[in-house]
1. Filter the stretch B:22-61 down to the residues that are in a loop (DSSP other than H, G, I, E, B), touching a residue at least 60 places away in the same chain (Cβ under 8 Å) and away from every other protein chain (no Cβ under 14 Å) and list them by number.
2. Which condition breaks for A:Asp524 when tested against (1) crowded, with 20+ Cβ neighbours inside 10 Å; (2) touching a Lys or Arg at 6+ places or on another chain (Cβ under 6 Å); (3) more than 14 Å from chain B (Cβ to nearest Cβ)?
3. Which pairs do you get when a residue that is within 14 Å of chain B (Cβ to nearest Cβ) and among the charged types (D, E, K, R), found in the stretch A:744-762, comes within reach of a residue that is buried (at least 24 other Cβ atoms within 10 Å of the Cβ) and assigned to a helix (DSSP H, G or I), reach meaning Cβ atoms under 6 angstrom, with the pair 6+ apart or on two chains?
4. Would you check which residues across the stretch A:83-134 are closer than 19 Å to A:Val165 by Cβ, surrounded by 15 or more Cβ atoms within 10 Å (Cβ to Cβ) and among the basic types (Lys, Arg) and list them?
5. Does B:Asp183 fit the bill of being more than 22 Å from the chain's Cα centre (by Cα), more than 10 Å from chain A (Cβ to nearest Cβ) and among the acidic types (Asp, Glu)?
6. Only one residue in A:Ile768, A:Ile732, A:Ile725 is in the same structural domain as A:Ala843 (by TED's automatic domain parsing) and over 34 Å from the mean Cα position of the chain (by Cα). Which one?
7. Pull up the stretch A:685-717, narrow it to residues that are crowded, with 20+ Cβ neighbours inside 10 Å and among the polar types (S, T, N, Q), then point me to the one that is farthest from A:Ala169 (Cα to Cα).
8. Here are the criteria: (1) under 26 Å from A:Thr498 (Cβ atoms); (2) crowded, with 24+ Cβ neighbours inside 10 Å. Tell me which single one A:Leu18 does not satisfy.
Amino acid sequence: MLSLVLRGFVQRKLRVLLTAIAIALGVALMAGTYVLTDTINHSFAGIFQTANKGNDVVVSPTEALGSQTRSQTSPVTEAMLSQVRSTPGVAEATGAIFTPATFLDTQRKRLTTGGAPAFVASEVPARFESFKPIKGRLPAGPDEVAIDQATAERAGLKLGQRMIVAGSAVAKQYTIAGIVEFGGGESFGGAGAAVLIPTEAQRVVGEPGRYDEIDVAADPGVTADQLRARLRAILPQTVAVRTGAQQASKDTSNLEENLSFLRTFLLIFAYVALVVGAFIIFNTFSITVAQRTREFGLLRTLGASRNQIMRSVVIEGLLLGVGGSVLGLLGGIALAPGLDQLFKAFGADLPDSGTVLETRTIVVSLLVGTIVTVLAGLPPALRATRVPPMAAMGEGVEIEPRVLTGVGVLIRGLLAAAVAFVIAALIGSGAVFAVLFVVLAVYVTRLLVRLVRGGRPARHRIVPGLARVIGVLVAWRGITGRLARENSIRQPGRTLITAAALTVGLALVAFVAVLADGTKATIDRAVSRSFAGDLIVENSQAGNQQGIPALVAPAVRRVPGVASVTPIAFTQGRLRGSSGNATIAAIDPRSFEQVYRIEWKHGSNATLLGLGDTGTVVTKGYASSHHLKVGKTISLLTPSNQQVSLKVLGIISDNVRLLGDITISLPLARTAFGQREDALDFVSYAPGAGTAQVQPAVDRLLARSFPQARSRTAAQFKQDQANQINTLLALIYVLLALSVIVSLFGIVNTLILSIYERTRELGMMRAIGTSRRQVRQMIRYESVITALIGGVFGLVIGVVGAVVVTSLTLSSSEYVQSIPVGTLAILLVVAALAGLLAAQLPARRAARLDMLQALASE
Amino acid sequence: MDLPPGENGSEALVEARTLSRRYGEGEAAVDALSDVTVGFPSSRFAAIMGPSGSGKSTLMHILAGLDRPTSGSVRLDGAELTTMNDRDLTEMRRDRIGFIFQTFNLLPVLNAEENILLPLSIAGRKPDREWFDRLIDTVGIRDRLSHRPAELSGGQQQRVAVARALVSRPAVVFADEPSGNLDSKASGDVLDLLRHAVDDFGQTVVMVTHDAHAASYADRLLVLADGRIVHDGESVTADQALDLMKAVG
């Protein structure tokens, strides 16, 4: 049997290759994701090891709310450093700064591009220093800086030139005294670093007298563990004390935690592509089984058992699965750098040195690819076993679909559910589970529909109907259009599954597009409704959640024509008894109402004045989900590890989603939450002043003193928000494009198989004078119709899905439904073009058909 | 009107000169046709017979522009086929040639009327309604026009195919074993139709067959053996044709 299968493969090289690619693409994205994230993790692990190599013990702030939420005010003080230094067994200790900041050239142009972070590092004694000068030297005074090699090269900066570092203080120009490299020369990722002398670093980041951590070296004879224990005993709980090795692995695991989001995000797209691939495997196998009815009948006549027939088809699936998975794995290794480039293009620069291929990547990729292929090929294999020996005798023996009974549906449903569950458990990912659930739901629905209709699937009405409507588009092209339409509905089931592969991808695209459009509309309305000011000041890379110095607000207030400026900061806190973090907005109670219209459920603008250090206002949604009422006192854990008690003074409607779950006063955020920076400043003009005069004045101030910030009018702000969503949308589109490409292979496959079945017809048509062009046209139109059927289904499912999901989950937040009609129309055009593209190869094959052979073929 | 090969060639509607067709190369080469010269005058019904492998199908394919000869020339209605490119050849088949196949070869997705009109649809031409009406009455399928091939008997399908071959008023109709897949009643109907087309419409018909009875409907009988014409004469009875075939073995 195996040799029969292999011989079949050789005879059908092209189809085998196309089918294998259908599965390989999904596997490639999966393997590529693992390789990329493993490589990034590995690179960072190296960086953290180098950074901690001179440290026996590291004292750093306790992360009360998890590694993602750090207090902006460090508990590590000069006093603490003195205390460490005077501890027996400490050979040397130093305070170190390593804080995000912004680098600019003297023209106020950012030196790091995209989302790559930049850090201010303080110079530390030689044994702790991770940066080594390769040109010049480390900074010697408050006006000197040493920058990393990559940044210098990218920006073309040389020794002696000047650059700006903007942190929490007023931006300042420094002379470049040195170009440094990190540790043993490893890539420092895409990140930039500027080394300043310690006091200057403290001043720039706005923490005079404080450090981000203390690096400690032990006396000879004292082990790191011993010293760690000693320091732990004397230092307060606001800091964590770890050995250098512990710190490195803690940093690494923090990073892996951050990256796991990226991994899951990418894997979802890989699994979508695999599901689409499964459709194609299923369809291809179904068609080939149908075409080989005679062959199976003959084998049965010659005494082959049902089992042997089934095995031959399953083995075919197995070989295809293994082959496709290997192809995909190799593709994935090649794809990983491409994914990295993709993220760079979308503004996330991640370090990667070398390629890390873990055993897990190989095992999971091969296993998932093979299992998906075999499972998808199973139903056609079962169908092949029902070919009667009689089929060897004549043509066109129809394999009767088994009449389903209620019990049959139940058994099949349970079986499918069990398979789905086992796969999900094996892979252990929520994303897989979700995808499987959807597939399962579709499958069970189909079975039920079949049951209700007495075995006649609904597609026998929907597909021809749809094809007829779409066929109108090509009908004007005369007979080729007409024949294309008829051919596309000849086998409605086949057309439907071919189209369904495209449907999956397009439905997701449509879903995301509708969601994004609604989100944009919601933001738009929220800003229009709630923002009563004239100007918003924000970080010019606000998308990366960077803030602006608290100094900006008072400075802007002095600009002529500005009546008031109210800063808003965001932080987080954890409600006692709750495991998740609540988002907290901090406002200036006196000036906030002048620029912002709050929709009160309980309370009024006067309530804000009572916030002080003990009051809070919560949103309606948060109040109801946490059973909060006006008058109740809540206890919050802050990022700087303090407990604060706040009395709920009012409840507001949260349709704007600007204010977060909980709103407190800004002074409280500065003290108890350690929040140094602001997120936004809302500016309103004095009577008679207009944007034309005030905005340029504000911009001049920002360029001079705070070049990392920019001012936006409400319209510009809305546009920025929309642009951010569009960027994310574009990334998702690119990743979903893979699924669409996979489905194109399905269309190619189905067309080739259909053309093979219609060899005689095509031969006759050529004989009676159909030109090659007309033949190509006919195949192309058929492909376009199939693609458009998939497209229409996809759009309908995507749009309906998005509307249903948003109305179910976001009904309380006054989400604005908005259907991006233009985008959806473009999607249909894209689907049609995709169909056209998929038809190229089959159309050419059909046109090149040898007429005489075609007419002779039985 | 006996036309010896090569003579009166200028009057022939379809004319082949010194046709040879060789398949394969070197030792394994097979000569399907060797130096065949033959002409088919207008408004006549010719039958080509011969045993399997005699070259009768090859001759028809070359005459109809479906295949190219290794050497020699074919003129059809004044045009030289052997030097035409694929596009011109396709147009030639579309506009000047009609085909009838053994296996009917109707498109299953089109109904009878659409199948008949297919050559015109391909050419993008409007049908001549009067001619179409006359045609479907002649072939007798007026009440079946809206049926698809799967709903028609073999005889009905072949009659549809005959109408399809005639609908564009081609210069010549080539029929490849038109009765091969039919029972004797249906077979007689179809051959009567071809005879009728020649007599009443002035249609030129060239038919390849191995059925002596079918050949007896023609005006002229050609017999091929081993790629050469071994007999060319007036029509004969079925029995005479059988004897001829036995003679060439």
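1. B:Ser42, B:Ser43, B:Arg44, B:Gly50, B:Pro51, B:Ser54
2. The single condition A:Asp524 does not satisfy is (1).
3. Qualifying pairs under 6 Å: none.
4. The answer is A:Arg108, A:Arg110.
5. no
6. After applying the criteria, what remains is A:Ile768.
7. Only one residue tops the list, namely A:Gln695.
8. So A:Leu18 meets the others, but not (2).
The values are calculated or read from the model by the stated rules, or taken from the named source; none is laboratory data. For clarity, every value in this text was computed on a predicted model and none was experimentally measured. All Cβ positions, glycine included, derive from the backbone under ideal geometry; neighbour counts span all protein chains shown.
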